[in-house]
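Heads up: the structure comes next, in structure tokens.
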Amino acid sequence: MKKVKVFFNIEKEEKWLNEQLQKGYRCTNISSLGVYTFEKTDKKYVLRLDFQDNLPKNKLEEYKAMYEDFGWTYLKGSGLNGIRYWQKEDNEQNEIFSDRQSKGNYYRRLMAYSFMLGALCLAYSFMLYSDSSLYHEGLWSMDGSLFWKAFIFETPFVLLKLLPAFMAVLFASSYYKAHQKYSMLKEQ
Amino acid sequence: MRHKLLPLSETMHYILLALREPHHGYAAMQKIEEISKGTVILAAGTLYGAIENLNKHGWIESVGNSGRRKIYKITTDGEAVLKMEQERLLHIISLYEGSE
């Protein structure tokens with residue numbers, strides 16, 4: 001079974017994946033384009049998403065060896081978006097974090113990553129939008145059907161130009177969500 | 001100001017105690033389960049992060065490999081930290097006993 005889905009929130013993705021596993025599936029492949037492949041199984045599985053964006057090759061090997069010793073299987077991971085997918089058979093040890101400090105550090109890594117990319121998108125947006133206006137200057141002096149034709153023609157390009165700004169908002173919201181979870185952990 | 005890992009968390013404390021003998025990560029977890037009488041069972045991500053952190057601060061060091069796994073052992077700095085923690089905890093215990 002294949003399902004296509006796009007997530008902008010790591011915890012929502014983890015929740016959705018585990019909902020699929022509870023229906024009697026295990027995940028066999030996750031592609032970068034958002035195609036999740038599942039396979040029917042009689043056993044029960046759980047999936048956990050860790051976040052590690054900065055793992056050089058030797059560290060990654062040590063990281064994987066450690067999780068695999070605990071019975072986890074590495075499904076997929078990339079340093080680009082930092083998400084590491086771990087799956088294992090359901091038993092009494094289903095978590096990847098066993099104390100508050102390490103769970104807090106997980107949210108801190110998420111915050112640092114969102115902040116960095118958010119700031120990058122914001123800086124890029126400022127550069128892009130201060131140089132030129134969104135629509136072609138001459139557009140506003142056109143009249144009637146010519147105006148609408150040009151307007152409709154240009155709009156997709158304008159939306160494309162707005163992409164870095166949308167991304168900045170997206171990263172800001174994921175920073176905010178991770179920060180909320182982090183403060184909740186600290187207060188409890 | 002005091003070191004940011006002090007006083008030691010239960011996780012860090014048990015890892016340092018277990019690594020007075022050289023162990024790789026999973027063996028340290030099993031040792032900790034045993035010496036804590038089954039009350040502390042570390043998860044993979046927690047153990048990985050804690051070992052990274054203790055290694056970064058020079059309280060443990062890698063002393064070899066067992067396949068892909070690294071074997072760690074406490075350093076003299078780490079032992080000094082345990083000594084300090086022992087004195088701190090002994091003092092607290094003496095306060096318990098004084099009030100009885």
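The values are calculated or read from the model by the stated rules, or taken from the named source; none is laboratory data. Quick caveat, the model's predicted, so the values are computed rather than measured. Cβ placement follows ideal geometry from the backbone for every residue including glycine, while neighbour counts extend to all protein chains displayed.
Quick check: anything in the range B:2-16 away from chain A (no Cβ under 11 Å), basic (Lys, Arg), out of contact with any His (no Cβ under 6 Å at 6 or more places or on another chain) and surrounded by 11 or more Cβ atoms within 10 Å (Cβ to Cβ)? No; the residues of the range B:2-16 include none that is away from chain A (no Cβ under 11 Å), basic (Lys, Arg), out of contact with any His (no Cβ under 6 Å at 6 or more places or on another chain) and surrounded by 11 or more Cβ atoms within 10 Å (Cβ to Cβ). Checked against (1) surrounded by fewer than 16 Cβ atoms within 10 Å (Cβ to Cβ); (2) at negative phi; (3) more than 10 Å from every other protein chain (Cβ to nearest Cβ), A:Arg100 passes all but a single condition, namely (3). Considering the range A:56-97, the residues that are within 9 Å of chain B (Cβ to nearest Cβ), outside any loop (DSSP other than H, G, I, E, B) and of a type in the set (Asp, Glu) include one that is surrounded by the fewest Cβ atoms within 10 Å (Cβ to Cβ), namely A:Glu61.
Taking the condition within 14 Å of chain A (Cβ to nearest Cβ), over 12 Å from the mean Cα position of the chain (by Cα) and small (Gly, Ala, Ser), does B:Gly98 pass?
So B:Gly98 does not fit the description; no.
Within the option set B:Glu85, B:Glu61, being acidic (Asp, Glu), under 30 Å from A:Ala65 (Cβ atoms), touching a strand residue (DSSP E or B) at 6+ places or on another chain (Cβ under 7 Å) and surrounded by 14 or more Cβ atoms within 10 Å (Cβ to Cβ) holds for one residue only, B:Glu61. Considering only the range A:95-117, I want to know if a residue exists there that is out of contact with any helix residue (DSSP H, G or I) (no Cβ under 7 Å at 6 or more places or on another chain), under 29 Å from B:His24 (Cα atoms) and among the β-branched types (Val, Ile, Thr). No, the range A:95-117 has no match at all. Pairs are defined by a Cβ separation below 6 Å, a sequence spacing of at least 6 or placement on different chains, a first member in the range A:73-93 that is assigned by TED's automatic domain parsing to the domain that holds A:Met111 and acidic (Asp, Glu), and a second member that is outside any loop (DSSP other than H, G, I, E, B) and loosely packed, with under 14 Cβ neighbours inside 10 Å; no pair meets this definition.
Against the definition (modelled with pLDDT under 90, outside any helix (DSSP H, G or I), surrounded by 11 or more Cβ atoms within 10 Å (Cβ to Cβ) and of a type outside the set (Ser, Thr, Tyr)), how does A:Leu139 come out, yes or no? Against the criterion (modelled with pLDDT under 90, outside any helix (DSSP H, G or I), surrounded by 11 or more Cβ atoms within 10 Å (Cβ to Cβ) and of a type outside the set (Ser, Thr, Tyr)), A:Leu139 does not qualify.
With respect to the conditions (1) within 11 Å of chain A (Cβ to nearest Cβ); (2) touching a strand residue (DSSP E or B) at 6+ places or on another chain (Cβ under 8 Å), B:Lys31 falls short on a single one, namely (1).
Give the residue that is surrounded by the most Cβ atoms within 10 Å (Cβ to Cβ), with candidates limited to residues of the range A:1-49 that are part of a helix (DSSP H, G or I) and over 19 Å from the mean Cα position of the chain (by Cα).
Step one: of the range A:1-49, the residues part of a helix (DSSP H, G or I) are A:10-22.
If we keep only those that are over 19 Å from the mean Cα position of the chain (by Cα) as well, we get A:21-22.
Details: A:Leu21: 18, A:Gln22: 12.
Ranking the qualifying residues of the range A:1-49, first place goes to A:Leu21.
Here A:Arg108 meets each of (1) in a strand (DSSP E or B); (2) surrounded by fewer than 18 Cβ atoms within 10 Å (Cβ to Cβ) with one exception, condition (1).
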